[in-house]
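Student: Pasting in a structure now, in structure tokens, and then I'll have a few things to ask.
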Amino acid sequence: MQPDPNNPEADWPLAAGEPGREVWYSLVSPRDASVAFWYRYTLLSTESGRQEGRVWAALTDRENPENSTFVSEAFAFEDVWPEGDPFELTIGDSVLTTSSAKGEIDDVSWDLEYEPDTYAFTPLRSETLTDILSKTIGTGKHWSRNESVFMDGEITVGDRTIELDDAPGHQGHTVSSTSPPEDWTWVQCNDFEDEESAVLEALRLDDKLSLCFRVDGEVYSLNRLKHVLPVSPWANEVDHDEVGHWRFRGEGEGIKLQVTVESPENHWQQVSYMTPDDSLRYNAHCSLSDVTVTYQKDGKPARTITSNAARAEWVSEEPPLEGEYQPDWD
């Protein structure tokens, strides 16, 4: 039996000054996509000696952006318990497993459960090559452990409670012992208006693009080395990428894809991450993005599907958008 991709990679707690960062993140929206909820559980140890577990939560409100919120709270390692086989991560009073999530910080709380996905997407299909690159040049590792799940439960923000029933969601796991890439762009969606079975995920790391599209029970992963390396004649291609506007395409494995991602101006969550070398990465995140996917599988006629509930983000060493980024790392 293969280990759960959510299992901790590092031997936490790390010694002071030993660099490492491990992140478990998740996103969910109700079927009407009226709001989007994004939550994260992170473990961090930096070269300068900063050590913490941290819980993050952000709610984006489509109709009333003034009701959107972001909260984050740090905890000492004494309040952190990461376990594997089965996976369970506890930070303070917040607990994440592969099939559930509970959390409470400030006036935001959540209690969610879901059936785990049977498929985990990775940016590079070869585990051996991923391990080599992680050890030699510090690229880190990433698993979309629950690339497409459907959540039940509730989210509470102040005196407002949002009930979730079979709500489209996503959960992933990322680890690095050095700094993450200088910049990346990411999108995920499993709530398409025209095709309930469709799932899209794409990750651009520097100039390398990995794609995954699922439809009609089939998984089309364009994440072999030939798809990811830009010098390859079979490589996935980015046609345009600026904050809020992304177009890309890929072909192979029986699928041909063209994708456009557009993010509204008033639905951003702007957050910053501390990395193991004490530098920051700035994230402009929009969980209520528009996405259009035109796909053609096995030579059949092309079909176009859309969603207004895609999760997209642009991350870089400098703030992608003007404005304040939270939390305050001073």
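The values are calculated or read from the model by the stated rules, or taken from the named source; none is laboratory data. Note that the coordinates shown come from a computational prediction; the quantities given were computed from them, not determined experimentally. Because the Cβ atoms are built from the backbone with ideal geometry, glycine has one as well, and the counts that use them run over all protein chains shown.
Student: Any residue in the stretch 128-145 that is polar (S, T, N, Q), buried (at least 17 other Cβ atoms within 10 Å of the Cβ), at pLDDT below 95 and not in a loop (DSSP other than H, G, I, E, B)?
Tutor: Yes; the residues of the stretch 128-145 include at least one that is polar (S, T, N, Q), buried (at least 17 other Cβ atoms within 10 Å of the Cβ), at pLDDT below 95 and not in a loop (DSSP other than H, G, I, E, B).
Student: Let me ask something additional. Is it the case that some residue within the stretch 18-27 is over 20 Å from the mean Cα position of the chain (by Cα) and touching a residue at least 40 places away in the same chain (Cβ under 8 Å)?
Tutor: Yes - at least one qualifying residue is present in the stretch 18-27.
Student: Here's a follow-up. For the stretch 290-300, state whether one or more residues are at pLDDT below 95, farther than 20 Å from SER26 by Cβ and touching a helix residue (DSSP H, G or I) at 6+ places or on another chain (Cβ under 6 Å).
Tutor: Among the residues of the stretch 290-300, not one is at pLDDT below 95, farther than 20 Å from SER26 by Cβ and touching a helix residue (DSSP H, G or I) at 6+ places or on another chain (Cβ under 6 Å), which makes the answer no.
Student: While we're here: Here are some residues: SER176, SER287, SER279. Which one is of a type in the set (Gly, Ala, Ser), touching a residue at least 60 places away in the same chain (Cβ under 8 Å) and farther than 23 Å from THR98 by Cβ?
Tutor: SER279
Student: With respect to TYR41, determine if the residue is among the aromatic types (Phe, Trp, Tyr), buried (at least 21 other Cβ atoms within 10 Å of the Cβ) and assigned to a strand (DSSP E or B).
Tutor: Criteria met by TYR41.
Student: From the set of residues in the stretch 293-330 that are small (Gly, Ala, Ser) and in a loop (DSSP other than H, G, I, E, B), which is surrounded by the fewest Cβ atoms within 10 Å (Cβ to Cβ)?
Tutor: In this case the residue turns out to be GLY299.
Student: Provide a single number: the residues in the stretch 221-243 that are touching an Asp or Glu at 6+ places or on another chain (Cβ under 7 Å) and either of a type in the set (Asp, Glu) or within 16 Å of VAL187 (Cβ to Cβ) (or both).
Tutor: Number of matching residues: 2.
Student: Name the pairs whose Cβ atoms lie under 7 Å apart, with the first residue in the stretch 193-208 and on the phi > 0 side of the Ramachandran plot, the second in a loop (DSSP other than H, G, I, E, B), and 6 or more positions between them or separate chains?
Tutor: Final answer for the pair search is ASP206/PRO181; ASP206/GLU182; ASP206/ASP183.
Student: Look through the stretch 250-304, keep the residues that are within 30 Å of SER177 (Cβ to Cβ) and of a type in the set (Ser, Thr, Tyr), and return whichever of them is nearest to the chain's Cα centre (by Cα).
Tutor: Within the stretch 250-304, the match that is nearest to the chain's Cα centre (by Cα) is SER287.
Student: State all residues of the stretch 216-232 that are under 18 Å from ASN146 (Cβ atoms) and assigned to a strand (DSSP E or B); if no residue qualifies, say none.
Tutor: VAL219, SER221
Student: Something else about it: Take GLU22 and decide whether it is acidic (Asp, Glu) and surrounded by fewer than 21 Cβ atoms within 10 Å (Cβ to Cβ).
Tutor: Taking the combined requirement at face value, the residue does not satisfy it.
Student: For the stretch 177-215, how many residues are within 30 Å of LEU14 (Cβ to Cβ), of a type in the set (Val, Ile, Thr) and assigned to a strand (DSSP E or B)?
Tutor: Within the stretch 177-215, residues that are within 30 Å of LEU14 (Cβ to Cβ), of a type in the set (Val, Ile, Thr) and assigned to a strand (DSSP E or B) number 1.
Student: Just checking, which of ASP11, ASP79, ASP61, ASP4 is in contact with a helix residue (DSSP H, G or I) (Cβ under 8 Å, 6 or more places away or on another chain) and surrounded by fewer than 20 Cβ atoms within 10 Å (Cβ to Cβ)?
Tutor: Selected residue: ASP61, the only one of ASP11, ASP79, ASP61, ASP4 that is in contact with a helix residue (DSSP H, G or I) (Cβ under 8 Å, 6 or more places away or on another chain) and surrounded by fewer than 20 Cβ atoms within 10 Å (Cβ to Cβ).
Student: Kindly check whether there is at least one residue in the stretch 58-79 that is aliphatic (A, V, I, L, M) and under 19 Å from ASN6 (Cβ atoms).
Tutor: Scanning the stretch 58-79 turns up no residue that is aliphatic (A, V, I, L, M) and under 19 Å from ASN6 (Cβ atoms).
Student: Then there's this: Find all pairs meeting these conditions: Cβ atoms under 6 angstrom apart; at least six residues apart or on different chains; first residue within the stretch 49-72 and closer than 23 Å to GLY17 by Cα and at pLDDT 95 or above; second residue surrounded by 15 or more Cβ atoms within 10 Å (Cβ to Cβ) and among the hydroxyl-bearing types (Ser, Thr, Tyr).
Tutor: As it stands, the answer is GLN51/SER45; ARG54/THR42; VAL55/TYR41; VAL55/SER94, since those pairs meet every condition given.
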